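Chemist: Sharing a structure with you now.
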Amino acid sequence: MKDNKDPIIKIENIHKHFGKVQALRGVNLNVNRGEVVVIVGPSGSGKSTLLRCINRLEEYDSGKITVDGILLHGAQNINLVRQEIGMVFQSFNLFAHLTVMDNLMLAQKIIRKRSPEEARKIALDLLKKVGIPEKLNAYPSQISGGQQQRVAIARALAMNPRIMLFDEPTSALDPEMIKEVLDVMTDLAKEGMTMVVVSHEMGFARAAAKRIIFMDEGQIIEEAPPEILFTSPKQERTKRFLSKILNH
Amino acid sequence: MFSRRKTESPEINTPELDNVPEAGLGYHIDVWWWLVALVAGVIAILAWTKPDPYWRIILFVRDGIGMTALITVTSFVIMIFVGMLGGLGRISTNKFIHMITTLYVEIVRGIPLLVQLIWWYFAFPVIIRNLGQATHIGFLANYEANAVLLAIFGFVFCYGAYMSEIFRAGIQSIPKGQMEAARSLGMSYFQAMRHVILPQAIRVILPPVGNEFIALLKDSSLVSAVALADLTRRGREFMAANFDPLQVWTMIALLYLVMTLFSARIVNYIERRTKIER
């Protein structure tokens, strides 16, 4: 048994280049079980890259990432690690050729080896949870962006992940649809899911996050609980960034 | 909440599918079926009103039609698999596999199909025989060229390269996010290809693949140069015996035309079926 007090995600001194551009310059971050961490920062600050390193959609050049006791670099089977990490994308990425129901069932059947009946039951329960059980036979192109994103969250949850990663989940949504997605995420946070969220939704950060991480130019500049970071940031760069996104 | 298609992200669309020229013009299909019927009718009327020479020509070239169909259909089925493997090779991150498939595509595209067919039929058996003699393996040393087999091989080898490019383009037209979503659920690269990418790519690939079938049907007439009794070859044999080139080649042309028009309708039908399913 792994010690439950150990951080579930340990990121140690991660460096990453895209060609000549240095995207991450020595990032250190621990995330505890059940913790909700929100990462903010200007575009190009490396926050999405960092998130994508956690399930190795992005390879990193040096450093160590450990997820649930498994060292990612050189992990024998990265697919096993990914099964435990749900990911939600800015552009939803629902499988366009499958119905909502089949989107939720596919990975359950071929990865978790669940019977169609079992997978279907789990999918239906999750669709109820995210509030759109009536859309099970629709194709992704037939439902709204907010609905697609909720389906995408349900699809990730169907694998019973221990960690959920959210990469700007509401950035591609019309304003009136943002709330329905954030509500689902807030519920998830209340249930004790470990979540790492890249987002500029300050309302969500205040309500659900235990810690806010501010990143700039590939580094973590400052981290603090939301009530502290939003009211009295220590660093000048954090102040400048927050004044831009909070005062408009 | 009930707005449909309101926030469609370009990432989850495959615009290629929406741009299929005949999409939504269902009633035009019947018009083109009439053209198939018209050409078939002309053939029937010619055969009925002037059985000599037209009906005689049809009877004479009948087995040639069978050979043309056999070569075309068999090659086509095999080259789909070659194209899929070649396409996967062309997008492979493995440098060696990528280099081999790219080399294959570049070489094949640079040599005329007729020269390739002749090479496989006349030159390739020589290599086999020399190899057999060098290694003292009897059945290789006495290898006799099988015209049908080598013709199919030649077509698969050549068209497989073009098919690889079609598959490559089709796979690459699927947004990157689809692969990322599949991988992030724990699927392996090949599971993601099989369950997520290829089923979507197929719909993009279908129109050009259908066109390849029709091109292949026409190109199959080249096998008449390598001792295969296909439709074209049989036509030439009939002409040699009867000296009526006008009638023979008009009939041969009409027979090819009815086959290609019919195939085009079938391709169109399949395209529309897979589109509606969406």
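The values are calculated or read from the model by the stated rules, or taken from the named source; none is laboratory data. What you see is a predicted model; the values in this text were computed from it and never measured. In this analysis, Cβ positions are derived from the backbone assuming ideal geometry, glycine residues included, and neighbour counts consider all displayed protein chains. Surface areas here come from the heavy atoms of the whole protein model, side chains and all, with no ligands, DNA or RNA. Shrake-Rupley method; radii C 1.70, N 1.55, O 1.52, S 1.80 Å.
Chemist: Can you pull out every residue in segment A:66-89 that is surrounded by fewer than 23 Cβ atoms within 10 Å (Cβ to Cβ), farther than 20 Å from B:Met179 by Cα and touching a residue at least 40 places away in the same chain (Cβ under 8 Å)?
Modeler: A:Thr66, A:Asp68, A:Gly69
Chemist: For segment A:62-89, give me the residue count where each residue is more than 7 Å from every other protein chain (Cβ to nearest Cβ) and touching a Gly at 6+ places or on another chain (Cβ under 6 Å).
Modeler: 0
Yes/no matrix, rows are residues, columns are (1) of a type in the set (S, T, N, Q); (2) in a helix (DSSP H, G or I); (3) closer than 19 Å to B:Thr74 by Cα; (4) modelled with pLDDT of 90 or more:
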position	(1), (2), (3), (4)
B:Phe122	no, yes, no, yes
B:Ile128	no, yes, no, yes
B:Leu140	no, yes, no, no
B:Tyr143	no, no, no, no
B:Val156	no, yes, yes, yes
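Chemist: For segment B:84-99, what are the residues that are closer than 19 Å to B:Phe153 by Cα and open to solvent by 30 Å² or more (accessible area, probe 1.4 Å)?
Modeler: Hits for segment B:84-99 are B:Met84, B:Leu85.
Chemist: For segment B:200-207, state whether one or more residues are within 22 Å of B:Val77 (Cβ to Cβ), within 27 Å of the chain's Cα centre (by Cα) and away from chain A (no Cβ under 14 Å).
Modeler: yes
Chemist: Please find, among A:Ala172, A:Ala189, A:Ala207, the residue that is of a type in the set (A, V, I, L, M, F, W, C), open to solvent by 50 Å² or more (accessible area, probe 1.4 Å) and touching a residue at least 12 places away in the same chain (Cβ under 8 Å).
Modeler: Working: A:Ala172 fails: open to solvent by 50 Å² or more (accessible area, probe 1.4 Å); A:Ala189 fails: open to solvent by 50 Å² or more (accessible area, probe 1.4 Å).
Exactly one residue qualifies, and that residue is A:Ala207.
Chemist: Turning to a different aspect of this structure: Give me a count of the residues in segment A:175-186 that are within 11 Å of another protein chain (Cβ to nearest Cβ) and open to solvent by less than 20 Å² (accessible area, probe 1.4 Å).
Modeler: 1
Chemist: Of everything in segment B:175-193, what is surrounded by 21 or more Cβ atoms within 10 Å (Cβ to Cβ) and either away from chain A (no Cβ under 14 Å) or not in a helix (DSSP H, G or I) (or both)? Give them in sequence order.
Modeler: Within segment B:175-193, B:Leu185, B:Gly186, B:Met187 meet the criteria.
Chemist: Which of the residues belonging to segment A:90-123 are more than 9 Å from chain B (Cβ to nearest Cβ), over 16 Å from A:Ala156 (Cβ atoms) and open to solvent by less than 60 Å² (accessible area, probe 1.4 Å)?
Modeler: Within segment A:90-123, A:Thr99, A:Ser115 meet the criteria.
Chemist: Here's a follow-up. Filter segment A:127-144 down to the residues that are open to solvent by less than 20 Å² (accessible area, probe 1.4 Å) and closer than 19 Å to A:Leu188 by Cβ, then identify the one that is farthest from the other protein chains (Cβ to nearest Cβ).
Modeler: Here the residue is A:Leu127.
Chemist: In this structure, is B:Ser164 open to solvent by less than 40 Å² (accessible area, probe 1.4 Å), over 30 Å from A:Glu84 (Cβ atoms) and either of a type in the set (Gly, Ala, Ser) or at the interface with chain A (Cβ under 10 Å from one of its Cβ atoms) (or both)?
Modeler: Details: open to solvent by less than 40 Å² (accessible area, probe 1.4 Å): yes; over 30 Å from A:Glu84 (Cβ atoms): yes; either of a type in the set (Gly, Ala, Ser) or at the interface with chain A (Cβ under 10 Å from one of its Cβ atoms) (or both): yes.
Spelling it out, B:Ser164 is indeed open to solvent by less than 40 Å² (accessible area, probe 1.4 Å), over 30 Å from A:Glu84 (Cβ atoms) and either of a type in the set (Gly, Ala, Ser) or at the interface with chain A (Cβ under 10 Å from one of its Cβ atoms) (or both).
Chemist: Further, regarding this structure: Let me confirm something: among A:Arg25, A:Arg33, which residue is among the charged types (D, E, K, R) and over 20 Å from the mean Cα position of the chain (by Cα)?
Modeler: A:Arg25
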